């Protein structure tokens with residue numbers, strides 16, 4: 001199933017005009033500042049908001065001129081920023097509300113309960129749940145619909161770090177089976193979840209593509225952020241048990257990451273490298289405490305803010321960002337094509 | 001209590017019957033009306049709400065006077081009676097019900113309207129994307145979440161109809177078993193100087209009213225445990 005839409009609508013002062021196509025699976029993060037129209041777009045896709053234009057989902061027509069498939073007939077699951085549990089029902093009642101209306105079975109319910117680990121909460125009143133518990137129940141309820149598309153509107157914005165990671169893990173796992181559109185303005189969530197990203201600004205999708213490409217694009221909004229971060233794909237290498245370091249091979253270079261024990265798995269892994277954790281030098285320093293020093297080629301440079309520049313670097317077929325001062329850029333003679341060494345102070349998996 | 005006369009018991013029974021019939025009809029009529037007033041913004045709404053709230057401020061005798069004219073054989077309501085046996089709706093139980101409907105309407109409408117207005121739009125949106133159609137949403141979500149409003153509306157409707165005096169005096173007359181309600185019976189005892197019977201009837205009405213309101217407030221307290229996130 002794939003989603004394609006071309007929509008326009010007016011909400012208050014904000015004019016929304018968007019068109020995009022959604023990949024068949026995985027998480028697509030709809031990213032942008034508050035007020036850019038992300039939630040409105042999601043509500044339009046759900047059929048909760050008036051709009052003009054066309055929405056197609058696979059071979060189903062959801063919206064066109066003079067026709068709007070009502071929300072209750074769209075095969076969707078949805079989460080809002082607040083859990084919005086039905087307050088007159090207990091946890092089990094909330095799941096049953098959807099189960100009965102979507103024709104799901106008791107077995108489906110048991111599976112969803114297991115997936116979201118809410119077994120101990122089933123008999124609880126929704127008023128006694130913590131924020132993290134409530135959002136897990138809200139996720140379970142969204143899954144009860146047996147959705148062909150999940151629309152998640154900043155579902156984790158009110159949660160602390162621990163609960164956020166737990167739910168992000170669940171959502172990632174679910175996204176292997178169901179396409180997810182995930183609204184957020186949190187870069188960390190984008191980095192954790194996303195293969196695809198739509199960047200939204202002032203009611204328009206200004207860029208869309210693979211997350212790691214959009215993150216590194218100098219002319220895009222992400223590379224200009226103070227917390228700009230590059231995503232690199234690599235493969236797990238050897239584990240040094242004496243120094244507790246895990247090797248990850250990226251484009252024939254080896255990155256060493258601190259790890260208490262060997263990282264298991266054979267799938268490609270993702271490395272996050274924040275632009276401000278990368279510094280540049282002309283020669284490879286021989287007596288540095290930094291483990292990860294790699295030869296790179298400068299692909300481009302952009303001034304961001306007073307006295308600051310962000311540099312895009314090529315490492316094999318992948319891109320890295322470095323945030324340095326404008327003076328360093330001048331004195332190091334950073335220009336496209338220059339061969340330099342990148343010193344990477346911190347690397348994270350995920 | 002056993003000293004309350006048969007005639008007064010009959011008057012109490014008429015009062016209770018009137019209160020129950022009136023409140024039942026009002027709950028049905030006010031449900032869509034309150035929903036519409038609480039959730040929509042349409043031109044002319046303020047004027048309509050003012051008219052519906054009029055019984056709150058108008059002296060009941062004024063209302064009763066217009067009803068007397070309206071429901072009498074020569075009034076616009078008189079044509080209703082051409083199919084019935086009665087010549088006039090005034091001085092009949094049906095007439096009392098019509099009068100009470102108008103008189104008690106704001107007491108049923110207002111709590112329902114407040115309850116409906118308090119339901120978050122997000123809850124309705126979530127129900128919609130959960131597969132619930134509008135009518136389904138109304139019965140599966142709105143009514144359960146507005147149950148306190150319904151309890152308040154029912155108790156206030158009954159209590160206020162029981163306490164009705166001015167309107168029934170104008171349009172009811174005092175036909176035993178038909179239109180003589182408890183409050184009118186009490187008035188007649190006082191007029192006749194029969195303070196002993198007046199005391200008994202007034203006592204019964206007082207106890208009934210306190211019990212009803214006590215039950216309402218107790219129930220509301222029990223419902224109010226915890227605050228939703």
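The values are calculated or read from the model by the stated rules, or taken from the named source; none is laboratory data. What you see is a predicted model; the values in this text were computed from it and never measured. We place every Cβ from the backbone using ideal geometry, glycine too, and count neighbours over all the protein chains shown.
Please verify whether residue B:149 is within 14 Å of chain A (Cβ to nearest Cβ) and on the phi > 0 side of the Ramachandran plot, treating the condition exactly as stated.
Working: within 14 Å of chain A (Cβ to nearest Cβ): yes; on the phi > 0 side of the Ramachandran plot: no.
Spelling it out, it is not the case that residue B:149 is within 14 Å of chain A (Cβ to nearest Cβ) and on the phi > 0 side of the Ramachandran plot.
With respect to the conditions (1) over 26 Å from residue A:24 (Cβ atoms); (2) not in a loop (DSSP other than H, G, I, E, B), residue A:170 falls short on a single one, namely (1).
Among the conditions (1) within 14 Å of another protein chain (Cβ to nearest Cβ); (2) crowded, with 23+ Cβ neighbours inside 10 Å; (3) under 19 Å from residue A:25 (Cβ atoms), residue A:140 misses just one, which is (3). Going through (1) touching a residue at least 60 places away in the same chain (Cβ under 8 Å); (2) surrounded by fewer than 14 Cβ atoms within 10 Å (Cβ to Cβ); (3) touching a helix residue (DSSP H, G or I) at 6+ places or on another chain (Cβ under 7 Å) one by one, residue A:219 falls short only on (3). When residue B:82 is tested against (1) modelled with pLDDT of 85 or more; (2) farther than 20 Å from residue B:183 by Cβ, exactly one condition is not met: (1). Inside segment A:65-104, can you point out the residues that are farther than 25 Å from residue A:42 by Cα and out of contact with any helix residue (DSSP H, G or I) (no Cβ under 8 Å at 6 or more places or on another chain)? Across segment A:65-104, the qualifying residues are A:92, A:93.
Just one of (1) free of Cβ contacts under 8 Å to residues at least 60 places away in the same chain; (2) more than 16 Å from the chain's Cα centre (by Cα); (3) over 16 Å from residue A:343 (Cα atoms) fails for residue A:207. It is (2).
Every condition in (1) within 14 Å of another protein chain (Cβ to nearest Cβ); (2) crowded, with 21+ Cβ neighbours inside 10 Å holds for residue A:128 except the one numbered (2).
May I ask you to list the residues in segment A:289-315 that are part of a loop (DSSP other than H, G, I, E, B) and in contact with a strand residue (DSSP E or B) (Cβ under 7 Å, 6 or more places away or on another chain)?
Kept after step one, since they are part of a loop (DSSP other than H, G, I, E, B), are these residues of segment A:289-315: A:289-291, A:304-307.
Selection gives A:290, A:291, A:304, A:307.
Scanning segment B:91-124 for residues that are within 14 Å of chain A (Cβ to nearest Cβ) and more than 19 Å from the chain's Cα centre (by Cα) yields B:118, B:119, B:120, B:121, B:122, B:123, B:124.
For segment B:125-137: of the residues being over 13 Å from residue A:46 (Cα atoms) and crowded, with 18+ Cβ neighbours inside 10 Å, which is farthest from the other protein chains (Cβ to nearest Cβ)? Reasoning before the result, please.
First, the residues of segment B:125-137 that are over 13 Å from residue A:46 (Cα atoms): B:132-137.
When the remaining residues are screened for being crowded, with 18+ Cβ neighbours inside 10 Å, the result is B:132, B:137.
Numbers: B:132: 6, B:137: 9 Å.
Ranking the candidates gives B:137 first.
The set of residues in segment B:171-188 being outside any loop (DSSP other than H, G, I, E, B) and touching a residue at least 40 places away in the same chain (Cβ under 8 Å) consists of B:171, B:172, B:182, B:183, B:184, B:185.
Look at segment A:77-97: where a residue is at the interface with another protein chain (Cβ under 8 Å from one of its Cβ atoms) and free of Cβ contacts under 8 Å to residues at least 12 places away in the same chain and a partner is assigned to a helix (DSSP H, G or I) and crowded, with 19+ Cβ neighbours inside 10 Å, sitting 6+ places away or on another chain with Cβ atoms under 8 Å, you get A:88/B:141; A:88/B:145. From the list A:117, A:68, A:111, the one residue that fits, being more than 13 Å from residue A:142 (Cβ to Cβ), more than 10 Å from every other protein chain (Cβ to nearest Cβ) and within 24 Å of the chain's Cα centre (by Cα), is A:117.
Residues that are under 23 Å from residue A:30 (Cα atoms) and without any contact (Cβ under 8 Å) to a residue 40 or more places away in the chain do not occur anywhere in segment A:112-127.
Determine, yes or no, whether residue A:23 is within 12 Å of chain B (Cβ to nearest Cβ), touching a residue at least 60 places away in the same chain (Cβ under 8 Å), within 30 Å of residue A:169 (Cβ to Cβ) and in contact with a strand residue (DSSP E or B) (Cβ under 8 Å, 6 or more places away or on another chain). Judged against the criteria, residue A:23 is not a match. Against the list (1) surrounded by 23 or more Cβ atoms within 10 Å (Cβ to Cβ); (2) under 16 Å from the mean Cα position of the chain (by Cα), the condition residue A:26 fails is (1). Quick check on segment A:174-192. Is at least one of its residues within 14 Å of chain B (Cβ to nearest Cβ) and within 30 Å of residue A:268 (Cα to Cα)? The answer is yes, given that some residue of segment A:174-192 is within 14 Å of chain B (Cβ to nearest Cβ) and within 30 Å of residue A:268 (Cα to Cα).
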